[in-house]
Amino acid sequence: MKRMETKILKVSPRYPEVDKLKIAAQIIKRGGTAAFPTETVYGLGANGLNPAAIKKIFWAKGRPLDNPLILHIAEINELGALVKEVSFQAEKLISKFWPGPITLVFKKSFIVPDEATAGLDTVAIRMPANSIARMLIRLSECPIAAPSANLSGKPSPTKVEHVIADLLGKVDLIIDGGDTPVGVESTVIDVTRTPPMILRPGGITREQLEEVLGEIRVDQMLDLKNGKPRSPGLKYRHYSPDAQVIVIEGAPKNRVKKIKTLLREKRNQGLKVGVMCVDETLKMYENIPNVLSMGKEKRPETIAPNMYNCLRGFDLKGVDVILVEGISERGMGLAIMNRLRKAAGFNVIKV
Ligand code: AMP
Ligand code: MG
């Protein structure tokens, strides 16, 4: 397909203007593509029941065809038509966490096209909490299939600039609805199994899920370099900037010491280096250029909204190597470390 004209539409995240979203809904109804904000990251949407429209998403992102999409709905009563059954465990999760950053994997009904699920007999469904996203789905009168609105393999978009950089000329519309507050993708949980299994850690934490469900499992293939995770998307190199990424994990003091050693080595090789640290360690890098804090390690939910922007920002600065401090996997730290290790292509140093 050739480059197309992409409209950019600014919409208020607090008080979304219906007239503007009607324009976006028309595009979706006619089989086009529109990027829109959700509370996790920006999504690239198309009519989730229209195979030709879904194919445009894969084309625009350069997404491998065996990586299924998430269907987004606006109301609980839209779920029944898309799935075979809703288990008791699923009901508990829905009543506690929807709308919100968690995606449930169900057995799919016959109306869900194979293009959306990459041929699987299961379908991933989420009800986003962002008001632009909800109103857009309602006005489009169909479930919206939407992966993250980035080029496949790149860091996910948490700002409209990220979407524009990746998708201008490849989609019909980009809605500018401000920064996405959660900053990391939804948790994907398979509720066709007992106990349910986390296939991708995300915006709802393992601890929050355990509180509601008691026992849950976490896909052990998640962080294995050569493993085959049950969430097909996770087997690809992902979330990666152009620069090489190295993650350094361990106690804060040891991490900083190792990073300083690596910094000297890389700079001696003539490479431009960036460092992503945390508020707690920032002062240990005094007088070193290109050091950014992602947020507080103690509160990983402050790190998530900055992580992808830091990775993309260093690419814009022409950095060759990004050294990233690994953090504790408590709470949202599990999702953050999953993304950072993948961004690094599993180039992880433990100290
Ligand atoms: P993204 O849209 O970039 O957030 O990617 C969607 C994620 O959901 C990918 O990791 C997919 O592999 C995962 N996913 C979508 N549908 C399914 C499914 N039916 N079973 C397991 N994982 C799924
Ligand atoms: Mg993605």
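The table below gives the values:
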| read-out | value |
| --- | --- |
| Matching entry among Gly326, Gly318, Gly270 (being loosely packed, with under 15 Cβ neighbours inside 10 Å and in contact (Cβ under 8 Å) with a residue 24 or more places away in the chain) | Gly318 |
| Residue selected from the stretch 136-162 under the condition outside any loop (DSSP other than H, G, I, E, B) and either under 11 Å from the mean Cα position of the chain (by Cα) or within 13 Å of ligand 2 (Cβ to nearest atom) (or both), by the criterion surrounded by the fewest Cβ atoms within 10 Å (Cβ to Cβ) | His162 |
| Ile76 being within 16 Å of ligand 2 (Cβ to nearest atom) and closer than 18 Å to Ala133 by Cα | no |
| Wholly within the stretch 258-351, strands (runs of 3 or more DSSP E) carrying at least 2 residues that are of a type outside the set (Val, Ile, Thr) and closer than 19 Å to Ala243 by Cα | 273-277, 291-293, 321-325 |
| Pair list, Cβ under 9 Å, 6 or more apart: the stretch 148-162 residue over 16 Å from Leu173 (Cα atoms), other residue of a type in the set (Phe, Trp, Tyr) and surrounded by fewer than 24 Cβ atoms within 10 Å (Cβ to Cβ) | Ser152/Phe58; Ser152/Tyr236; Gly153/Tyr236 |
| Selection from the stretch 77-104 of residues that are in a strand (DSSP E or B) and either over 16 Å from the mean Cα position of the chain (by Cα) or surrounded by fewer than 19 Cβ atoms within 10 Å (Cβ to Cβ) (or both) | Val83 |
| Check on Ile164, farther than 18 Å from Pro51 by Cβ and modelled with pLDDT of 95 or more | yes |
| Answer from Lys298, Lys283, Lys257 - the residue that is in contact (Cβ under 8 Å) with a residue 60 or more places away in the chain and either on the phi > 0 side of the Ramachandran plot or surrounded by fewer than 19 Cβ atoms within 10 Å (Cβ to Cβ) (or both) | Lys257 |
| Sole residue being over 17 Å from the mean Cα position of the chain (by Cα) and part of a loop (DSSP other than H, G, I, E, B), chosen from Glu185, Glu207, Glu211, Glu215 | Glu215 |
| The stretch 182-205 residues that are away from ligand 2 (no atom under 16 Å from the Cβ), paired with ones that are modelled with pLDDT of 95 or more and of a type in the set (Ser, Thr, Tyr) (beta carbon under 7 Å, 6 or more apart) | Val191/Ser87; Thr192/Thr122; Ile198/Thr187; Ile204/Thr187 |
| Only one of Ala165, Ala129 that is within 17 Å of the chain's Cα centre (by Cα), part of a loop (DSSP other than H, G, I, E, B), of a type outside the set (D, E, K, R) and surrounded by fewer than 20 Cβ atoms within 10 Å (Cβ to Cβ) | Ala129 |
| Failed condition for Leu222, given (1) crowded, with 21+ Cβ neighbours inside 10 Å; (2) within 16 Å of ligand 2 (Cβ to nearest atom) | (1) |
| From Ile76, Ile57, residue being in contact with a Ser or Thr (Cβ under 8 Å, 6 or more places away or on another chain) and modelled with pLDDT of 95 or more | Ile57 |
| The lone exception for Ala124 - which of (1) of a type in the set (Gly, Ala, Ser); (2) in contact with a Lys or Arg (Cβ under 8 Å, 6 or more places away or on another chain); (3) not in a loop (DSSP other than H, G, I, E, B) it fails | (2) |
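The values are calculated or read from the model by the stated rules, or taken from the named source; none is laboratory data. Computed from a prediction, not measured in an experiment: that's the story for all the values here. Note that each Cβ is placed from the backbone with ideal geometry, even for glycine, and that neighbours are counted across all protein chains shown.
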